[in-house]
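Undergrad: Shown below is the structure under consideration.
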Amino acid sequence: MPESKVNSRDSDLHLELAAAGSRRSALITALRDAVRAGRLAPGTRLPPYRALAADLGLARNTVADAYAELVAEGWLTARQGSGTRVAHRAAPPKPVRVPKSAPTDTSSMPAHNLRQGQPDAASFPRTAWLAAARRALGAAPNEAFGPGDPRGRIELRRALADYLARARGVRAEPGRIVICSGFAHALRLLFGQGAGGVVPGPSPSSRLRSSRGYPIAVESYGLGFHRSLLATAGVRTVPLGIDEHGARVRELGEATSKARAVLLTPAHQFPTGGPLHPERRAAVVDWAAARGGLVLEDDYDGEFRYDREPVGAVQGLGPEHVVYIGSVSKSLSPAVRLGWMVLPEHLVGPVLDAKGEREAWASVLDQLTLAEFLVSGRYDRHVRRMRQHYRKRRDRLVTALAEHAPHITVTGIAAGLHAVLHLPAGTEQSAAKAAAWHGVALDPLAEFRHPEAATAHRDGLVVGYATPAEHAYGAALDALCRALPPV
Ligand SMILES: Cc1ncc(COP(=O)(O)O)c(C=O)c1O
């Protein structure tokens, strides 16, 4: 059975011709099958007659006849100057099964998306990113196109060490940084789910291994996704109370607390919004040092602080007791899938063991692009621009509430991309329903509450102000204000 693997100028074409029947009809069948199966996509340019004929050991006329037949049948199109191509309507589109959660069905999307979580997608710095990618690709040595180092590219680790020290007060050196695909990936690596959550793997460190069976303390309000990720890894989470000074880290030292690790969002408590009080920052590091414990610092939106200097990372107070974790999910886009861990020295080896011999998650090309983006100053410029942009959005939210719902207090507005609207007791669920009725998507505060949280719940709504397109933001605020409970 002759096979073809023609590298035409436009397409790489693999055909297998049946032995039976005429060569012409065997070629027609093979081409039709390739189009029908989607292996030859609409618009694909087919190899010239001569190239395909030579490759398959056929007469040139046989190929010309087969192409003509398929053009007549509507599978192919032939136009002077542009060669023979797969017709655009040749293959009936195959129905695609879309999982229910995939956010592709825009018809069912709410009119106004005020859910927290995403930066402004319209502000992704496409031109600057492209320029950085072009420069990074041009400068990359050939070895960069081989399998990736699980530590991450040295160019990126160097750039991050500089940036994190300068902008976030992290005590970082490239040897302590491991690149990953984001915060969730870092959690999986730390708690032994290197392969993405399906196959539990070994816990990467003796310290964490010895913490097996011990719970990890988390803030009593946080992302349920992260709690369930830990639960899937077999790690129980216990809630630490939070108040206006952030997590009550003193509870870690209480006799009832068995936790050996604590997960915190110190720069901007997620989702309630305050920074961790300076005394508590020092206290949690002291606790970890005294107890042989570990602080996991989630610095998810540390760059976006509006009214004062950014709150630096806790990691700077005790690099041997803190795992600092950041990603570009808020500063650039969650689609990039790049993050980093700055590790205590004794955890570098175990985390690398958990990653395996080769980089399997974070694209080396994106790593090089991000390195260039950082070193060239484009990252700083983008963050500065977005800080202005989000500050204006926050101010518009606060002004709209002051005007239309002055009885609602709003907190957590000094930083980040979301705020918490505090509601009269007992009105959270009805306010969330009213919001949905007005086409506003947002999250009730209770969604973030740890199921075992001991402190009383204060009714509230978490409002993300980054996501709507600029032209749609005013209407989203109007709809939100209409939905809020009256005085
Ligand atoms: C609390 C919190 N932590 C971390 C992240 C970052 O997650 P990832 O890096 O996995 O996209 C987010 C979302 O961007 C978040 O809301």
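Undergrad: Name the shape class, rounded, prolate or oblate, that the alpha-carbon gyration tensor gives for segment 3-86, where a ≥ b ≥ c are the square roots of its eigenvalues, rounded holds for a/c under 1.5, and otherwise prolate holds if a/b is larger than b/c and oblate otherwise.
TA: Rounded, because the longest to shortest axis ratio a/c is under 1.5.
Undergrad: Here's another thing I want to ask about it. Along segment 235-241, what does the Karplus equation 6.51 cos²θ - 1.76 cosθ + 1.60 (θ = phi - 60°) give for ³J(HN,Hα), rounded to whole Hz, x for Gly and Pro?
TA: So the Karplus estimates, Gly and Pro as x, are 10, 7, 10, 10, x, 9, x Hz.
Undergrad: Amide H of T84 versus every other amide H placed in the peptide plane: which residues, excluding those fewer than 5 positions away on the same chain, fall under 5 Å?
TA: L46
Undergrad: Quick one: Cα centre-to-centre distance for segment 124-158 and segment 408-470, in angstrom?
TA: Each part reduced to its Cα centre gives a spacing of 39 Å.
Undergrad: Could you work out how much longer the chain between A231 and K258 gets when fully extended? Use 0.36 nm per residue separation minus the Cα distance between them, nm to one decimal.
TA: Working: separation 27, 0.36 × 27 = 9.72 nm, distance 1.65 nm.
Between A231 and K258, full extension yields an extra 8.1 nm.
Undergrad: Grab the DSSP H runs of the chain that are 4 residues or longer, score each as -39,500 (n - 2.57), total them, divide by all residues and round the 222 nm result to the nearest 500 deg cm²/dmol.
TA: Calculated from helices alone, the mean residue ellipticity at 222 nm is -11500 deg cm²/dmol.
Undergrad: From the phi angles alone, apply the Karplus equation (6.51, -1.76, 1.60; θ = phi - 60°) to segment 463-474 and give each ³J(HN,Hα) in whole Hz, x where the residue is Gly or Pro.
TA: So the J values, rounded to whole Hz, are 10, x, 10, 8, 6, x, 5, 3, 5, 9, 5, x.
Undergrad: List the residues whose amide H sits under 5 Å from the amide H of C180, counting only those 5 or more places along or on another chain, with H placed 1.01 Å from N in the peptide plane.
TA: Counting only residues 5 or more places away or on other chains, the set is G339, W340, M341.
Undergrad: While we're on this one: Using amide H atoms built in the peptide plane, which far-off residues or other-chain residues are under 5 Å from R248 H to H?
TA: Those lying under 5 Å, H to H, from R248 are G241, I242, D243.
Undergrad: Would you mind counting up the charge near L189? Only other residues with Cβ under 11 Å from its Cβ, with Lys and Arg at +1 and Asp and Glu at -1.
TA: +1
Undergrad: Please report, in whole Å³, the volume per residue of the convex hull around the C-alpha atoms of the chain.
TA: 186
Undergrad: Okay, moving on. Each residue of segment 166-172 in turn: what ³J(HN,Hα) in whole Hz from Karplus with 6.51, -1.76, 1.60 and θ = phi - 60°, glycine and Pro shown as x?
TA: Here the 3J(HN,Hα) series is 6, 8, 10, x, 8, 8, 10 Hz.
Undergrad: Starting from the Cα-Cα distance between A475 and T409, subtract it from 0.36 nm times their residue separation and give me the gain in nm to one decimal.
TA: Values: separation 66, 0.36 × 66 = 23.76 nm, distance 2.08 nm.
Stretched fully, the A475-T409 segment lengthens by 21.7 nm.
Undergrad: Still on this model: For the chain, give the share of DSSP beta bridges that are antiparallel, in percent and rounded to the nearest 5; count only bridges with both residues there.
TA: DSSP beta bridges in the chain are roughly 65 percent antiparallel.
Undergrad: Treat each spin label as a single point 7 Å out from the Cα along the C-beta direction, and report the R391 to R482 distance in nm.
TA: Label-label distance for R391 and R482, simple model: 3.2 nm.
Bear in mind these aren't lab numbers, they're just calculated from the coordinates by the rules spelled out. Predicted model only: the values in this text are computed from it and were never measured. Glycine also receives a Cβ, built like all others from the backbone with ideal geometry; neighbour counts cover every protein chain displayed.
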